[in-house]
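Here's the structure, in structure tokens; my notes come after.
Read the figures in this text as sums done on the coordinates, not as results from a lab. Please read these numbers as outputs of a predicted model, since none were measured by experiment. Cβ atoms come from the backbone with ideal geometry, glycine included; neighbour counts cover every protein chain shown.
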Amino acid sequence: METPLTSAEPMLWSGWGDPAKAAELPAPVRGLLTELLGVRAPAAPAATFGEVRLPPVALPPPALAALAAVVGDEHVRADDDARIRHTRGKSTPDLLLMRAGDASDAPDAVVLPGSHDEVAAVLRLCAEHRVAVVPFGGGTSVVGGLVATRCGSEGGFAGVIALDSARLNRLVSVDPVSMVAELEPGLRAPQAEQLLAAHGLTLGHFPQSYEYATLGGFAAARSSGQASAGYGRFDDMVAGMTVATPRGTLEIGRAPKSAAGPDLRQVFLGSEGTFGVITSLRLRVHRAPAVRAYEGWRFESFAAGTAALRRLAQQEGPSPTVLRLSDETETMAGLAKPADLGAAGRDSGCLLVAGFEGSPADVAGRRDRAAAVLVEAGGVHLGPEPGDKWAQGRFSAPYLRDCLLAAGATVETLETAGFWSNLPRLYEAVRLALHGALTSPLVMCHISHVYATGASLYFTVVTAQTGDPLGQWAAAKRAANEAIVRAGGTISHHHGVGRDHREAYAAEIGDLGGEILRGIKERLDPAGILNPGVLIPDDSSAGHDGAGRGGWRSTGAE
Ligand SMILES: Cc1cc2nc3c(=O)[nH]c(=O)nc-3n(C[C@H](O)[C@H](O)[C@H](O)COP(=O)(O)OP(=O)(O)OC[C@H]3O[C@@H](n4cnc5c(N)ncnc54)[C@H](O)[C@@H]3O)c2cc1C
């Protein structure tokens with residue numbers, strides 16, 4: 001067993017990331033936001049930590065004592081600091097609520113088990129006493145996957161705990177012959193990479209939430225990293241797993257492929273903590289690359305760049321490791337000099353970043369093959385600078401979201417995926433929906449996950465905050481969700497379902513699909529304690545699309 005040497009700084013309680021890395025909005029950008037989008041400073045400043053409003057702890061002392069008997073006194077925390085840091089995730093409404101000092105969804109306690117057996121015992125105890133359990137990894141969910149439900153149709157619970165996986169942070173074993181490593185779910189991605197690097201290995205999973213997200217969260221939410229073109233999605237990396245459920249333990253995956261019935265891994269990948277808690281993962285690993293090379297290409301238009309990506313994805317042989325194409329608006333907004341915004345307009349073309357990781361010979365070969373395809377598709381080579389710039393800033397964008405919110409701009413990201421033939425329709429449908437729901441928004445998009453049959457679309461929207469930013473978010477989210485469902489895309493390529501996509505997911509899988517999920521839930525979690533209100537469509541919502549949280553039901557002011 002190996003444990004990581006470093007642990008990440010605790011996440012900023014009210015926003016994203018390491019507080020020491022908090023960004024400032026440059027004055028020219030602030031000016032442009034006012035000029036182009038009409039952004040004005042919000043009426044009230046963000047709440048301070050001391051101003052946050054928490055509900056009283058609902059769990060009675062005997063329940064806390066029983067939990068402590070399983071995991072140890074110091075691993076059951078009901079103090080304000082722990083409760084606030086485990087309130088919801090990091091979506092735009094999550095941040096808006098926290099900035100308003102609203103921690104009404106806080107768990108009653110945070111429980112940190114140190115082993116599979118302790119997880120199993122906590123689940124048994126919670127099922128017996130009807131305590132809802134929110135499995136909590138890095139807390140980076142952006143779809144309401146960590147919002148605790150206390151009562152209502154899903155509830156009648158004695159209380160809610162966040163089951164934090166942070167102490168499940170060991171590299172259990174490495175099988176260098178099979179290139180499989182067993183790791184525990186509470187390892188944050190950098191810790192996992194550090195442990196694997198000591199063996200000359202890498203997972204190759206680098207989502208933008210890399211600094212804080214955990215392996216368990218990646219599996220439970222079917223994450224996809226920025227190097228997915230080369231290393232694959234996280235769900236493709238999972239060779240096997242151990243899961244604790246209120247009904248018992250499952251050990252899944254004993255061979256690279258199997259014809260022994262339906263693949264039960266797929267029941268838990270993407271299950272978002274509703275069926276069980278993943279306590280161990282057997283993951284495919286790669287040799288750490290000797291060379292990493294990134295470069296930029298320019299295309300006349302998003303359509304031309306998309307066609308080039310398709311050709312790369314459909315060619316025989318290995319693709320680049322990273323492929324990322326920004327549309328005209330995102331390319332323009334990413335220009336080095338903010339003053340160029342507006343002036344360059346849609347004439348700036350589209351930036352494609354291609355990255356190659358591997359041995360020197362492999363990288364050279366793949367670069368040449370990709371270059372031949374890209375040139376033939378009309379691309380102009382821009383050299384390494386745009387690629388290096390992207391690689392250096394790849395984890396810093398989320399820090400900007402906090403300063404944009406503070407400046408009075410609402411920022412949201414949302415994503416979908418579709419087949420190549422349908423991608424232009426999906427792209428236009430979501431753009432139109434966002435432009436229709438918001439006043440003069442900046443709507444940007446990129447493609448960063450490609451497959452032989454299709455690709456993902458990732459939208460970033462910036463708009464001036466209204467006096468009711470949660471209501472504004474809810475209206476835009478509803479419009480985007482409806483557009484995605486109607487245009488034939490999936491409601492999520494990699495963020496997951498959570499609460500925010502639950503109704504749209506119900507529409508995507510249909511009544512029978514919902515029934516199957518409820519059947520599995522009933523078998524594994526008969527008391528319904530695991531993440532109530534997340535993912536699983538309820539009977540009444542099947543057939544309706546939309547945004548679950550603050551979407552159809554309210555103006556978003558929860
Ligand atoms: C700034 C930012 C950038 C992001 N970029 C990306 C990106 O590039 N690619 C991407 O795929 N996603 C991205 N995300 C979304 C998020 O990081 C992913 O969904 C990630 O997989 C969540 O991991 P986590 O450890 O934070 O899980 P959490 O947010 O803690 O949990 C996510 C869900 O999984 C459940 N869960 C957590 N651990 C377990 C477990 N051990 N067993 C069972 N269920 C569990 C939770 O209950 C919850 O429903 C981003 C989010 C943010 C805030």
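As for region 276-283, it holds at least one residue that is touching a residue at least 40 places away in the same chain (Cβ under 8 Å), out of contact with any helix residue (DSSP H, G or I) (no Cβ under 6 Å at 6 or more places or on another chain), surrounded by 17 or more Cβ atoms within 10 Å (Cβ to Cβ) and under 21 Å from S173 (Cα atoms).
Can you confirm whether region 482-493 contains a residue that is over 22 Å from Q208 (Cα atoms), in contact with a strand residue (DSSP E or B) (Cβ under 6 Å, 6 or more places away or on another chain) and outside any loop (DSSP other than H, G, I, E, B)? Within region 482-493, one or more residues are over 22 Å from Q208 (Cα atoms), in contact with a strand residue (DSSP E or B) (Cβ under 6 Å, 6 or more places away or on another chain) and outside any loop (DSSP other than H, G, I, E, B).
Do any helices (runs of 4 or more DSSP H) entirely within region 358-453 hold 2 or more residues that are within 30 Å of R99 (Cα to Cα) and either within 16 Å of the ligand (Cβ to nearest atom) or not hydrophobic (A, V, I, L, M, F, W, C) (or both), and if so, which?
Fully inside region 358-453 and qualifying: 384-393, 397-407, 423-437.
Quick one: in region 129-188, of everything that is hydroxyl-bearing (S, T, Y) and near the ligand (Cβ under 8 Å from one of its atoms), which residue is surrounded by the fewest Cβ atoms within 10 Å (Cβ to Cβ)? Step by step, filter region 129-188, then rank; the result is S165. When you scan region 424-431, do you find a residue that is farther than 20 Å from E508 by Cβ and of a type in the set (V, I, T), even just one? The answer is no, given that none of the residues of region 424-431 is farther than 20 Å from E508 by Cβ and of a type in the set (V, I, T).
For A409, indicate whether it is hydrophobic (A, V, I, L, M, F, W, C), out of contact with any Pro (no Cβ under 9 Å at 6 or more places or on another chain) and free of Cβ contacts under 8 Å to residues at least 60 places away in the same chain.
Numbers: hydrophobic (A, V, I, L, M, F, W, C): yes; out of contact with any Pro (no Cβ under 9 Å at 6 or more places or on another chain): yes; free of Cβ contacts under 8 Å to residues at least 60 places away in the same chain: no.
It is false that A409 is hydrophobic (A, V, I, L, M, F, W, C), out of contact with any Pro (no Cβ under 9 Å at 6 or more places or on another chain) and free of Cβ contacts under 8 Å to residues at least 60 places away in the same chain.
The residues of region 86-117 that are closer than 21 Å to E184 by Cβ, within 13 Å of the ligand (Cβ to nearest atom) and assigned to a helix (DSSP H, G or I) amount to a single one, H116. Just one of the listed residues (T453, T460, T466, T410) is within 30 Å of H205 (Cβ to Cβ) and in contact with a helix residue (DSSP H, G or I) (Cβ under 6 Å, 6 or more places away or on another chain), namely T410.
Take the residues in region 405-428 that are surrounded by 21 or more Cβ atoms within 10 Å (Cβ to Cβ) and over 19 Å from the mean Cα position of the chain (by Cα), then tell me which one is nearest to S228 (Cα to Cα). The extreme case among them is L423.
Going through (1) on the phi > 0 side of the Ramachandran plot; (2) within 15 Å of the ligand (Cβ to nearest atom) one by one, I520 falls short only on (1). Considering every residue within region 296-308, establish whether at least one is in contact with an Asp or Glu (Cβ under 9 Å, 6 or more places away or on another chain), without any contact (Cβ under 8 Å) to a residue 40 or more places away in the chain, under 24 Å from Y451 (Cα atoms) and not in a loop (DSSP other than H, G, I, E, B). Within region 296-308, none of the residues are in contact with an Asp or Glu (Cβ under 9 Å, 6 or more places away or on another chain), without any contact (Cβ under 8 Å) to a residue 40 or more places away in the chain, under 24 Å from Y451 (Cα atoms) and not in a loop (DSSP other than H, G, I, E, B). Counting only residues that are within 20 Å of the chain's Cα centre (by Cα) and among the small types (G, A, S), region 226-251 holds 5 of them.
Residues that are in contact with a Cys (Cβ under 8 Å, 6 or more places away or on another chain), closer than 21 Å to E428 by Cα and not aromatic (F, W, Y) within region 281-309 comprise E300, S301, A304, G305, listed in sequence order.
Just wondering, is there one or more residues in region 176-193 that are more than 25 Å from W390 (Cβ to Cβ), touching a Lys or Arg at 6+ places or on another chain (Cβ under 7 Å) and among the β-branched types (V, I, T)? If you could, list the steps in order and put the result at the bottom.
From region 176-193, those more than 25 Å from W390 (Cβ to Cβ) are 176-187; that's our starting set.
Adding the requirement that they be touching a Lys or Arg at 6+ places or on another chain (Cβ under 7 Å) leaves 179-180, 182, 184, 186.
Those left that are additionally among the β-branched types (V, I, T): 180.
Scanning region 176-193 turns up at least one residue that is more than 25 Å from W390 (Cβ to Cβ), touching a Lys or Arg at 6+ places or on another chain (Cβ under 7 Å) and among the β-branched types (V, I, T).
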